[in-house]
Amino acid sequence: MAAPSPGPREVLASSPEAGSRAAAAGSSRRGLLWRLRDKQSRLGLFEIDPGHELHQMTCMMQAGLWAATQVSMDHPPTGPPTEEDFSQVLTQVHEGFELGTLAGPAFARLRRSLGLADEDYQAALGPGGPYLQFLSTSKSKASFFLSHDQRFFLKTQRRREVQVLLAHLPRYVQHLQRHPHSLLARLLGVHSLRVAQGKKKYFIIMQSVFFPAGRISERYDIKGCEVSRWVDPAPEGSPIVLVLKDLNFEGKTINLGPQRSWFLRQMELDTAFLRELNVLDYSLLMAFQRLHEDEKGLGCSLIFRTVRSVRGIQSPEESGAQNRRLLPDAPNALHIVDGPEQRYFLGLVDLVTVYGLRKRLEHLWKTLRYPGRTFSTVSPACYARRLCQWAEAHTE
């Protein structure tokens, strides 16, 4: 569990204009060429331009994140991790808003272990280009954004969800150290935003599972059940990007070839960890991308990148339990598995729903409402087992 917070530290942050100027150089280099290159892959996503209702809020997020990342660049964590790394709250005061950074040193260490440079992180999330919004098929009231290069995913969260995430953060980091090729989404930051004297809004940042997005043909959100797990597909030829669900996947198979045994074992390890945390309702995100002819059968060109991907535990007694694999030499390699014909993007997301009294009552109600049918609100043990069974039944 995370240690009690020592209380927020407030600092006067660099101005949003300073962040904009610092990012402008990188933005000008991308300019028109970047827009032309990414136009096709951004179809169905909505650029948050000055006329968008969320433009002001995302501009604040960008300026705040630029300044917050600058702190970790100016004062990188040193020495072994401490309890305070997981409980620190830094509040930076900007003109018209405040941005809070929760457990900043812990996330800075995690980003470094992933080989993610703070300069790249700052450039992608700062004022160098507009965020993109997409309309999720999720039932939650959260807002979903992508950085302009689609590398990072931002999602608003309720306060109690953030509390759960931070309480589990030390164990989450430990799990990634033990299993550096875990399918769990890589969380990179947790922040709060308060405009004037208004109510705080919380949001998280993670690596996008679906990156790079070019040539992705299908996207799915799988929970291993059937109730409310259908999405009306977009009309043929439509540019809208939809994330489909379990019932849309009926009759399809994931052909992983030799990678299947690794995938099933990693699903067991990761869902067992989530069961220990008493959480449920997480999803297996999945996307398909057909391999070009010259990309097929390139198993011999894969490279072993365990130490580069995550600085996992290196002791001999732990190495056999890490379920390591060969990673493709590609961006976002931890979420990419190449089969004989397709490239698959795979990741477990939404890790903050606790099986408490509210969910137990919801389970009872759904048992009466949907007799004989499968739904998402079940015990963590049942949820983990069922999702692993789905993975085994739908892979070859």
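The values are calculated or read from the model by the stated rules, or taken from the named source; none is laboratory data. This is a predicted model, so every value here is computed, not measured. For neighbour counting, all protein chains shown are included, and Cβ atoms are generated from backbone atoms with ideal geometry for every residue, glycine included. Note: areas computed on protein heavy atoms with side chains; ligands, DNA, RNA excluded. Shrake-Rupley method; radii C 1.70, N 1.55, O 1.52, S 1.80 Å.
When GLY214, GLY224 are checked against the criterion of being touching a residue at least 60 places away in the same chain (Cβ under 8 Å), within 20 Å of the chain's Cα centre (by Cα) and on the phi > 0 side of the Ramachandran plot, a single residue qualifies: GLY224.
GLN163 meets the stated requirement of being open to solvent by 40 Å² or more (accessible area, probe 1.4 Å), closer than 18 Å to LEU351 by Cβ and without any contact (Cβ under 8 Å) to a residue 24 or more places away in the chain. Here the condition is being in contact (Cβ under 8 Å) with a residue 12 or more places away in the chain, more than 29 Å from ASP49 (Cβ to Cβ) and under 17 Å from the mean Cα position of the chain (by Cα); of ALA124, ALA108, it holds for ALA108 alone. Does PRO233 satisfy the condition of being open to solvent by 40 Å² or more (accessible area, probe 1.4 Å), modelled with pLDDT under 95 and under 27 Å from GLY372 (Cβ atoms)? Here the answer is yes, as PRO233 does meet what is asked.
Conditions (1) small (Gly, Ala, Ser); (2) open to solvent by 30 Å² or more (accessible area, probe 1.4 Å), marked per residue:
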position	(1), (2)
VAL352	no, no
THR367	no, yes
THR377	no, no
GLN389	no, yes
ALA393	yes, yes
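For the criterion of being open to solvent by less than 30 Å² (accessible area, probe 1.4 Å) and under 18 Å from PRO331 (Cα atoms), ARG215 fails.
Condition test on LYS39, is it at pLDDT below 95, within 20 Å of the chain's Cα centre (by Cα) and loosely packed, with under 14 Cβ neighbours inside 10 Å? No. Filtered by the rule that a residue be in contact (Cβ under 8 Å) with a residue 60 or more places away in the chain and in contact with a Pro (Cβ under 9 Å, 6 or more places away or on another chain), the stretch 111-121 gives a lone residue, SER113. The lone criterion from (1) hydroxyl-bearing (Ser, Thr, Tyr); (2) in contact (Cβ under 8 Å) with a residue 40 or more places away in the chain; (3) farther than 20 Å from LEU285 by Cα left unmet by THR367 is number (2).
Being of a type in the set (Phe, Trp, Tyr), surrounded by 18 or more Cβ atoms within 10 Å (Cβ to Cβ) and outside any strand (DSSP E or B), is that true of even one residue in the stretch 192-202? Taking every residue of the stretch 192-202 in turn, none turns out to be of a type in the set (Phe, Trp, Tyr), surrounded by 18 or more Cβ atoms within 10 Å (Cβ to Cβ) and outside any strand (DSSP E or B). For the stretch 67-117, the set of residues classified as of a type in the set (D, E, K, R) and over 27 Å from MET57 (Cβ atoms) consists of GLU83, GLU84, ASP85, ARG109, ARG112, listed by residue number.
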